[in-house]
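Peer 1: Quick one: the structure is below, questions incoming.
The values are calculated or read from the model by the stated rules, or taken from the named source; none is laboratory data. Because the structure is predicted, anything quoted here is derived from the model rather than measured. Note: ideal-geometry Cβ built from the backbone for every residue, glycine included; neighbour counts use all protein chains shown. Areas reflect the complete protein model, heavy atoms only, side chains present, ligands, DNA and RNA absent. Shrake-Rupley method; radii C 1.70, N 1.55, O 1.52, S 1.80 Å.
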Amino acid sequence: MTRKKRKTREAATIHPRNKYAENPPDFALLASLYPSFQPFVFLEPRPRIDWTDFNATRELTRVLLLHDHALHWWIPDGQLCPTVPNRSNYIHWLEDLLSSDVVAKANSDRGSNVRGFDIGTGANCIYPLLGASLLGWSFVGTDVTNVALEWAERNVKSNPHVSELIEIRKVDDTLDGLTIELRSNVAVDNECKIMNGMDGREVGPSPPSSSSKETIHSEKRYHGPPILLGVVKDGEEFDFCMCNPPFFESMDEAGLNPKTACGGTPQEMVCPGGERAFISRMIEDSIVLKQTFRWYTSMIGKKSNLSFLISKLWKVGVTVVKTTEFVQGQTCRWGLAWSFMPAGRKIISPHVTNKSVSSFMLEGLLPQVSATSILQSVERFLSVGGASCKLNTSSFTVDVTASNDHCRAILENGAYEVDKGASGVAVEKSEPQPSADLCFRVSVFQQIPGTLLVKGSLHHKSSPSSGSFSQIFHRLEEFLKAESCKEKVL
């Protein structure tokens, strides 16, 4: 029974078409089939690997690609090592976007042949290999460094059944000059004045306040090799581009997480301004290239960047913005997609949110502040109001059940605010209300070092107490952020 519940929870976090949604990697089986993997597997108390060992994670990726995808693969030491289930999620999300009627189909002579563009494919070349083997898509994979290009080519040629579908293209890193940047800037200025094709309203930046002027002025601009402009050839058309951007601003920031060892070179992990500056340049390039791509997409590592980038997209007149969440184990990432194609059907406002799910970020945390310590703070805060809390440190969750009285006590900032009789039992302050316990789960996910995502979700979406849930979760956010500030002061 326990095994079934675990699978159900996993399936809810992984794309349903992902090969690993119902059948996560069986380390014991893989070790028995592949002797080279056996030294990295610990069988007790349960089969596992040491995620801080780069050699172990690289060998796991190699055997998964061979066992489940018939792909021969390798990367040298120090290169970024991808996780196969996580990268598969991105491929299947793209498949969803391309099969939807959210935007019009591209007018192309390629028929049903899908063509993708992988920005910074890396030595691992994981996205083109997965897209070609799973779905028969063709790809252009780009990169800058000679090592990445050499090994990407090796990985493609090692798989002749998909090699004809994948082109590896070198980016000329001497082209990041004034010409490309000026073309991008002119495009941004012009596109702020265009009409949104979805509803005919004019899209342009609202008059900035003094505070927003400061934000814009201090925003770091991308300086590095070309991303799309100067790399895409004249006359080329693609169904999508995809990107695992450099998340960090420095290698010191990239190396702060002691729990994983995924490798990664400075070119793969770092750029001035981090992912926000990198994806902002992607957006500027897309304004010039317009319908060269049906969909522009990128992965995002920090949720705080998501709202900034979405706002930027609407200001430049895109027709559609779509987002998704990639959850793998205790790591959470987001997918961002936009298009300049005509809208294919009526789009639901991107600002409508699901009230049964809420989340917030805790950023700038000290190294000693872990996901477990945050969960303990969640339990302490909610149990003070009398709510029942079940903390699970293995899944990094707290399951909460709260009555109407408990909800009131929590919102009044603690049970001590509720009148108690001699027996210590809370006394009703208002008229009796229908008994409808509020049941929800709080989960904590590792983002990048020093950043945690706290997510709350109602167990019953039809709960009449969803309003209380939103209020309680907002109060929890205030409490945890105040606690993290105290830690910094101490």
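Peer 1: Cβ-Cβ below 9 Å, separation at least six or inter-chain, first residue in the range 432-443 and modelled with pLDDT of 85 or more, second open to solvent by 30 Å² or more (accessible area, probe 1.4 Å) and β-branched (Val, Ile, Thr): which pairs?
Peer 2: These pairs meet every condition: Leu438/Thr401; Cys439/Thr401; Phe440/Thr401.
Peer 1: For the range 285-305, name all the residues that are assigned to a strand (DSSP E or B), in contact with a Lys or Arg (Cβ under 9 Å, 6 or more places away or on another chain) and either farther than 18 Å from Ala343 by Cβ or of a type outside the set (A, V, I, L, M, F, W, C) (or both).
Peer 2: Taking the range 285-305 as the starting set, the residues that turn out to be assigned to a strand (DSSP E or B) are 293-300.
From what's left, in contact with a Lys or Arg (Cβ under 9 Å, 6 or more places away or on another chain): 294-295, 297, 299-300.
Of everything in the range 285-305, those that are assigned to a strand (DSSP E or B), in contact with a Lys or Arg (Cβ under 9 Å, 6 or more places away or on another chain) and either farther than 18 Å from Ala343 by Cβ or of a type outside the set (A, V, I, L, M, F, W, C) (or both) turn out to be Arg294, Thr297, Met299, Ile300.
Peer 1: To continue, here is another question. Condition first: assigned to a loop (DSSP other than H, G, I, E, B), open to solvent by less than 10 Å² (accessible area, probe 1.4 Å), modelled with pLDDT of 90 or more and touching a helix residue (DSSP H, G or I) at 6+ places or on another chain (Cβ under 7 Å). Can you find one or more residues in the range 62-77 that meet it?
Peer 2: Taking the range 62-77 as the starting set, the residues that turn out to be assigned to a loop (DSSP other than H, G, I, E, B) are 70-77.
If we keep only those that are open to solvent by less than 10 Å² (accessible area, probe 1.4 Å) too, we end up with 71, 75.
Filter once more, keeping what is modelled with pLDDT of 90 or more: 71, 75.
Subsequent filtering for residues that are touching a helix residue (DSSP H, G or I) at 6+ places or on another chain (Cβ under 7 Å) retains 71, 75.
Yes, because at least one residue in the range 62-77 is assigned to a loop (DSSP other than H, G, I, E, B), open to solvent by less than 10 Å² (accessible area, probe 1.4 Å), modelled with pLDDT of 90 or more and touching a helix residue (DSSP H, G or I) at 6+ places or on another chain (Cβ under 7 Å).
Peer 1: Then there is this: (1) open to solvent by 10 Å² or more (accessible area, probe 1.4 Å); (2) modelled with pLDDT of 90 or more: which one isn't true of Ile287, the others all being true?
Peer 2: (1)
Peer 1: Further question: Scan (1) at pLDDT below 95; (2) closer than 25 Å to Val231 by Cα for the single condition Tyr127 breaks and write down its number.
Peer 2: Result: Tyr127 passes all but (1).
Peer 1: Residues in the range 377-392: is at least one surrounded by fewer than 16 Cβ atoms within 10 Å (Cβ to Cβ) and of a type in the set (Lys, Arg)?
Peer 2: Yes, the range 377-392 contains a residue that is surrounded by fewer than 16 Cβ atoms within 10 Å (Cβ to Cβ) and of a type in the set (Lys, Arg).
Peer 1: Which members of the range 130-155 meet the condition of being under 23 Å from Gly230 (Cβ atoms) and open to solvent by less than 10 Å² (accessible area, probe 1.4 Å)?
Peer 2: Of everything in the range 130-155, those that are under 23 Å from Gly230 (Cβ atoms) and open to solvent by less than 10 Å² (accessible area, probe 1.4 Å) turn out to be Phe139, Val140, Gly141, Thr142, Ala148, Ala152.
Peer 1: For Ser304, which of the numbered conditions (1) buried (at least 19 other Cβ atoms within 10 Å of the Cβ); (2) modelled with pLDDT under 95; (3) of a type outside the set (A, V, I, L, M, F, W, C) fails to hold?
Peer 2: Condition (1) is where Ser304 drops out.
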